[in-house]
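K.L.:
One structure is given below, represented as structure tokens, and several questions about it will come after.
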Amino acid sequence: MSFFLIEDFRAGLDVRKAADTSPAGTLTQFENAHVSSGGEVQKRLAFDSKYTLPANTFGLVTLDNVIYVFGTIVDPLTSAHVNTTYVRLTTSSGALLSKMVDWDVYDGLLYVVFELADGVVDHFYNGVLVTAAANKGRFVKTFQTKTYSVIEKTLNFSATGDTTDWTGTGSGFINLAQQDARGVDAVGLEVYFNRLAVFGRRVIYIWNLDVDPLNNALEQTLQQTGTLASRSVAQFGNGDVLYLGDSGLRSLRARDSSNAAAVSDIGSPIDPLLVAAIQAAGEATTSLAQAIVEPVTGRFWLILGNKVYVLSYFPGPKITAWSTYTPGITFDHVAVLGNSIIGRAGDVVFTLGGTSGVVYDTSKTQITTPFLAITNPSTQKVFQGIDVACVGTWVVGVALDPFNPIYETVATITDSTYRTGRIELGGSGTHISVQLTCTDASAASVANVGVHYTGGETG
């Protein structure tokens, strides 16, 4: 009898190949869990309801471990809204707020951008309307001593050292249409290696910006790439900027010895899923996709509709693994609060892991291996047993036909089978796939999976 071991799952979710040609260690389904720094599958924490906000409050941001929401009415918050501050805003037209579209921090204070019910875009710094007529862009970014804002083909910037002054010394604008004959509209901004990356729909401009506007210079233009969603653009890792494009998740990878930016396909293992999700969601929903980075683990989240695509990246053990969360929630806003992530969906605020940070729920965690040939893919094997190293309760299913992937439940386990005895099998085929499912409202993990078999040699 021979034994084949899937040692870990450091490759994560990978749907680039057919199920019967994908390598061991990858997963064709990986839901409501992620990969640890040791390569194990770990069940995700719960998205636990924190409280419900009053009507006519908008947005959600965090600063110095305080949650901020906004509105035009008298403060409606109560003692139930723990650690939350309400900011009352006076709009330029008197119209009510409609939605928060962007925000940043300047000199330790919040700079927020709101679309009003009448379609007007207003900027507010420290709760006060920024009245500069030229500054009506939907996207803002603090960079060095200025705030930058893009509207269509114009990159505006504030005066030096004063984010509320858009006409004084050092302020001005860059006509992006003069840099690109096609006149591409800008849809996002992010800091990239002491440069400012200006994102269009299918172009990225890398600008070297100076306190003196006369020294501003376009350093590089990256064609045939750009973003579908301004809030999907986020700094990640050691200088990278990740963003959602037409073909999936992309990265402005770290600058090389030539000091030039380059695009990498960090999202390629899940790009087929993302492209399908983009097509199904449509342009309006896709444009609302947002990214966030977990503060402790450094995991990157891309939130698109009610799905979260999670990148577990640990360079030391060489782990780059994608997975998915299905929270059953469509978040309007997410933010980092302390060591966790909070999100707003409608008027309900959720905390990942709850107040204690260790809350789990009964959401179905499911992982599915490819159909593994183990040895020669054209030879028959007799599969005699399975071993699983795990924590928690897992339902074990097995399928033997890649062209008819129906999983038969063969066991429910609550501990590693290396101690309790292997799961007995009695089927034969050229390939085998194992599916593990957990609905425990507690921590659960899978370290490895082993297959006992005979045959399979080339005769």
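The values are calculated or read from the model by the stated rules, or taken from the named source; none is laboratory data. Treat the numbers as computed from the prediction; the structure is a model and nothing was measured. All Cβ positions, even for glycine, are placed from backbone atoms using ideal geometry, and neighbour counts span all protein chains on display.
K.L.:
For Ile303, work out the one condition from (1) more than 24 Å from Ala24 (Cα to Cα); (2) among the β-branched types (Val, Ile, Thr); (3) in the same structural domain as Val348 (by TED's automatic domain parsing) it doesn't fulfil.
P.N.:
Among (1) more than 24 Å from Ala24 (Cα to Cα); (2) among the β-branched types (Val, Ile, Thr); (3) in the same structural domain as Val348 (by TED's automatic domain parsing), the lone unmet condition for Ile303 is (3).
K.L.:
Suppose we filter Tyr325, Tyr360 for residues that are over 17 Å from the mean Cα position of the chain (by Cα), among the aromatic types (Phe, Trp, Tyr) and more than 15 Å from Val61 (Cβ to Cβ); which single one remains?
P.N.:
Details: Tyr325 fails: over 17 Å from the mean Cα position of the chain (by Cα).
Of the residues listed, the single one that is over 17 Å from the mean Cα position of the chain (by Cα), among the aromatic types (Phe, Trp, Tyr) and more than 15 Å from Val61 (Cβ to Cβ) is Tyr360.
K.L.:
Can you find a residue that is surrounded by fewer than 18 Cβ atoms within 10 Å (Cβ to Cβ) and within 15 Å of Ile206 (Cα to Cα) anywhere in region 165-175?
P.N.:
yes
K.L.:
Then there is this: Considering Thr369, Thr365, which residue is touching a Lys or Arg at 6+ places or on another chain (Cβ under 8 Å) and either outside the structural domain of Ser442 (by TED's automatic domain parsing) or on the phi < 0 side of the Ramachandran plot (or both)?
P.N.:
Unique residue meeting the criteria: Thr365.
K.L.:
Here's another thing I want to ask about it. Take the residues of region 108-139 that are modelled with pLDDT under 95 and within 25 Å of the chain's Cα centre (by Cα): which is surrounded by the fewest Cβ atoms within 10 Å (Cβ to Cβ)?
P.N.:
Arg138
K.L.:
Scan region 213-233 and tell me whether some residue there is over 18 Å from Leu244 (Cβ atoms) and either crowded, with 20+ Cβ neighbours inside 10 Å or not assigned by TED's automatic domain parsing to the domain that holds Val128 (or both).
P.N.:
Checked region 213-233: no residue is over 18 Å from Leu244 (Cβ atoms) and either crowded, with 20+ Cβ neighbours inside 10 Å or not assigned by TED's automatic domain parsing to the domain that holds Val128 (or both).
K.L.:
Name the single residue, out of those in region 46-60 being surrounded by 21 or more Cβ atoms within 10 Å (Cβ to Cβ) and among the hydrophobic types (A, V, I, L, M, F, W, C), that is nearest to Ala80 (Cα to Cα).
P.N.:
Only one residue tops the list, namely Leu53.
K.L.:
I've got another one for you. In the set Gly172, Gly94, Gly108, which member is in contact with a helix residue (DSSP H, G or I) (Cβ under 7 Å, 6 or more places away or on another chain), on the phi > 0 side of the Ramachandran plot and of a type outside the set (Ser, Thr, Tyr)?
P.N.:
Exactly one of Gly172, Gly94, Gly108 is in contact with a helix residue (DSSP H, G or I) (Cβ under 7 Å, 6 or more places away or on another chain), on the phi > 0 side of the Ramachandran plot and of a type outside the set (Ser, Thr, Tyr), namely Gly172.
K.L.:
When only residues in region 411-430 that are outside any strand (DSSP E or B) and among the β-branched types (Val, Ile, Thr) count, which is nearest to Val391 (Cα to Cα)? I'd like the intermediate steps shown before the answer.
P.N.:
The initial filter retains those residues of region 411-430 that are outside any strand (DSSP E or B), namely 414-422, 430.
Filter again for among the β-branched types (Val, Ile, Thr), leaving 414, 417, 420, 430.
On the way: Thr414: 7, Thr417: 11, Thr420: 13, Thr430: 30 Å.
Result: Thr414.
K.L.:
May I pose another question? Mind counting the residues in region 431-459 that are at pLDDT below 95 and not in a strand (DSSP E or B)?
P.N.:
Counting residues in region 431-459 that are at pLDDT below 95 and not in a strand (DSSP E or B) gives 5.
K.L.:
When you go through (1) out of contact with any Ser or Thr (no Cβ under 6 Å at 6 or more places or on another chain); (2) touching a residue at least 24 places away in the same chain (Cβ under 8 Å); (3) of a type in the set (A, V, I, L, M, F, W, C); (4) not in a loop (DSSP other than H, G, I, E, B) one by one for Ala291, which number turns out not to apply?
P.N.:
So Ala291 meets the others, but not (1).
K.L.:
Further, regarding this structure: Within region 366-398, can you find the residues that are surrounded by 22 or more Cβ atoms within 10 Å (Cβ to Cβ) and assigned to a loop (DSSP other than H, G, I, E, B)?
P.N.:
Across region 366-398, the qualifying residues are Thr369, Pro370, Phe371.
K.L.:
Looking only at strands (runs of 3 or more DSSP E) that fall completely inside region 27-131, which ones have 1 or more residues that are among the acidic types (Asp, Glu), touching a residue at least 24 places away in the same chain (Cβ under 8 Å) and in contact with an Asp or Glu (Cβ under 9 Å, 6 or more places away or on another chain)?
P.N.:
Because the criterion is at least 1 residues that are among the acidic types (Asp, Glu), touching a residue at least 24 places away in the same chain (Cβ under 8 Å) and in contact with an Asp or Glu (Cβ under 9 Å, 6 or more places away or on another chain), the strands (runs of 3 or more DSSP E) in region 27-131 that meet it are 47-52, 121-125.
Here's the yes/no breakdown for (1) acidic (Asp, Glu); (2) assigned to a strand (DSSP E or B):
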| site | (1), (2) |
| --- | --- |
| Thr167 | no, no |
| Gly170 | no, no |
| Ile174 | no, yes |
| Val184 | no, no |
| Gly188 | no, yes |
| Ala197 | no, yes |
| Trp207 | no, yes |
| Asp210 | yes, no |
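K.L.:
While we're here: All but one of (1) in a strand (DSSP E or B); (2) surrounded by 19 or more Cβ atoms within 10 Å (Cβ to Cβ); (3) not aromatic (Phe, Trp, Tyr) hold for Pro402; state the number of the condition that does not hold.
P.N.:
(1)
K.L.:
What pairs come up if the first residue lies in region 408-422 and is within 17 Å of Val434 (Cα to Cα), the second is acidic (Asp, Glu), and their beta carbons are under 7 Å apart, counting only those six or more places apart or on different chains?
P.N.:
Thr417/Asp387; Tyr418/Asp387; Arg422/Asp387
K.L.:
Separate question: Being surrounded by fewer than 19 Cβ atoms within 10 Å (Cβ to Cβ) and under 27 Å from Glu294 (Cα atoms) is the filter; apply it to region 193-212 and report the residue that is farthest from the chain's Cα centre (by Cα).
P.N.:
First, the residues of region 193-212 that are surrounded by fewer than 19 Cβ atoms within 10 Å (Cβ to Cβ): 193-194, 201-202, 208, 210-212.
Narrowing further to those that are under 27 Å from Glu294 (Cα atoms): 193-194, 201.
Details: Phe193: 21, Asn194: 23, Arg201: 19 Å.
Per the criteria, the residue is Asn194.
K.L.:
Need the failing condition index for Thr285 against (1) of a type in the set (Ser, Thr, Tyr); (2) under 19 Å from Arg231 (Cβ atoms); (3) assigned to a strand (DSSP E or B), just the number.
P.N.:
With (1) of a type in the set (Ser, Thr, Tyr); (2) under 19 Å from Arg231 (Cβ atoms); (3) assigned to a strand (DSSP E or B) applied to Thr285, the lone miss is (3).
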